[in-house]
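Asks: Below are the structure tokens for one structure; questions will follow.
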Amino acid sequence: MTVPPRVSAGEVFQHFRGTSPLTRARLSALTGLSRAATTDRMRTLASRGLIGPANEAPSTGGRPSAQFRLMPNSGAVMSVLLGASEAKVQAFDLSGQPLSAAKPVETVRGGYAAILDSCLASAYSLLDSMDDISGQLVATGVVLDEGAPDLDWPEYFAGRPVVVDSALGAMATAEALSRTPRPQNMLFLDVGKTIGCAVLVHGRTMGGFRTSKEAFGHTPGKGTPTLPCACGIMNCLQAIAGEEAIIAGLSSDLADEPDAISGAVRRSDAAAVSALRQAGRDIGDTLLGSIHLLQPEFITVRTRWPGAADFLLAGLREAIYASGVPAVTENLVLASSTTGSPATGIALRALDAGLAVESVDRLLSAPPNLSGQRNYWPAPLKSIDRQRHAS
């Protein structure tokens with residue numbers, strides 16, 4: 001006799017994420033469980049507040065069926081942004097919606113481990129101030145700048161759900177998750193003083209959180225003039241298509257303004273439009289090999305100059321569609337960034353980790369908190385504990 005595989009409560013919970021409310025009958029059909037087994041798993045999830053009743057389903061002639069949904073306020077994920085000189089924490093509910101504004105954290109001396117302890121303490125304090133949140137901290141996302149020390153960050157959390165990424169990678173994740181349908185393979189361009197490119201393959205950023213934001217910008221370009229770059233390479237993409245190169249192409253009366261590119265775009269300056277389109281062509285020529293190799297569905301452009309992305313995209317399209325293989329480029333979508341918050345991106349990735357099957361089953365197997373205090377799952381880990389764990 002074939003024994004059917006066991007479907008855990010964590011697996012059942014996945015059907016409540018990102019969907020409309022479900023009836024017991026519908027959930028039973030989706031999971032293959034009997035009605036009794038489905039009710040048992042739902043009761044387990046409801047006991048921890050992860051699911052709860054929704055509106056009744058439309059009647060088909062008899063008594064309307066009860067519907068159940070994910071309860072967003074049954075827990076939280078926390079994003080921690082560690083910059084070169086500051087840190088911020090922000091809370092998100094289990095549907096990925098922000099629960100608070102980003103809260104600056106007073107950093108202390110002692111390196112990143114001590115700073116991260118301060119951030120986590122601030123995160124727990126933030127949760128304590130929210131009466132409508134149960135207090136389950138299901139995961140943490142950490143965005144690191146390029147100066148982060150060589151620490152094993154997941155080890156720091158002693159097995160707790162944690163996601164670590166660069167700011168560029170987190171912004172790319174936020175952008176991908178904001179699109180419907182969600183692109184699985186995407187290139188995310190960040191054009192400013194530097195030119196960065198994050199690569200998403202199967203929905204995950206590639207290259208790790210230590211990948212330099214500026215690495216793509218130091219790819220040799222095809223510019224006609226031979227321009228030196230601070231990195232020592234001639235004709236870097238950043239030198240021929242970055243902010244300084246675009247400003248150099250502006251009218252002389254605009255080039256000296258504090259925010260020259262934004263001002264020129266607002267005035268619809270012809271020289272600015274031409275310089276931005278040329279920058280887009282140069283970036284497109286440099287990207288072409290990656291496009292043929294990765295075959296992305298989406299390329300998005302983010303820039304700090306309002307209105308400039310449209311002109312960059314015009315140049316990008318010109319270069320890519322003129323020289324790209326039609327089989328690769330005919331369905332490629334190029335668009336300006338609509339979001340790109342690193343806090344949102346890292347929180348959504350942390351949410352996927354914290355609400356994965358294994359994580360939910362682990363949460364459900366832990367003894368319930370009967371003390372009336374907040375149940376921070378998992379408990380905070382101080383620097384001294386990290387050092388003891390490492391030894």
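All of the numbers you see were taken from the coordinates with simple rules; none came from a lab. Note that this is a predicted model, so its numbers are computed, not measured. Positions of Cβ are generated from backbone atoms using ideal geometry, with glycine treated the same way; all protein chains shown enter the neighbour counts.
Asks: Based only on other Cβ atoms within 10 Å, what is the fewest-to-most ordering of V360, V201, V328? Don't skip to the end; give the middle numbers.
Replies: Working: V360 24, V201 13, V328 16.
Result, fewest neighbours first: V201, V328, V360.
Asks: Rank the residues L316, L288, L27 as a footprinting-exposure proxy: fewest other Cβ atoms within 10 Å of their Cβ go first.
Replies: On the way: L316 24, L288 18, L27 21.
If I rank by nearby Cβ atoms, fewest first, I get L288, L27, L316.
Asks: Right, another one. Using only the alpha carbon atoms of the range 9-70, find the Kirkwood hydrodynamic radius as the inverse mean reciprocal pair distance, in angstroms to one decimal.
Replies: By the Kirkwood definition, the hydrodynamic radius is 11.7 Å.
Asks: Starting from the Cα-Cα distance between R182 and S34, subtract it from 0.36 nm times their residue separation and give me the gain in nm to one decimal. Display every interim value, and only then the final one.
Replies: Working: separation 148, 0.36 × 148 = 53.28 nm, distance 3.25 nm.
So the chain would gain 50.0 nm between R182 and S34.
Asks: Quick one: order T44, T339 by neighbouring beta-carbon count within 10 Å, fewest to most. Walk me through the numbers on the way to the answer.
Replies: Values: T44 20, T339 15.
With the fewest neighbours first, T44, T339 line up as T339, T44.
Asks: Say R0 is 22 Å: what FRET efficiency, to the nearest 0.05, do K193 and K222 get from their beta-carbon distance? Each step should come with its number before you reach the end.
Replies: Working: r = 21 Å, r/R0 = 0.97.
With R0 = 22 Å, the Cβ-Cβ based efficiency is 0.55.
Asks: Give me P(r) over the range 179-338, computed from all C-alpha to C-alpha distances, binned every 5 Å, as integer percentages.
Replies: Going from the shortest bin to the longest, the percentages are 2, 9, 19, 22, 21, 15, 8, 4, 1, 0.
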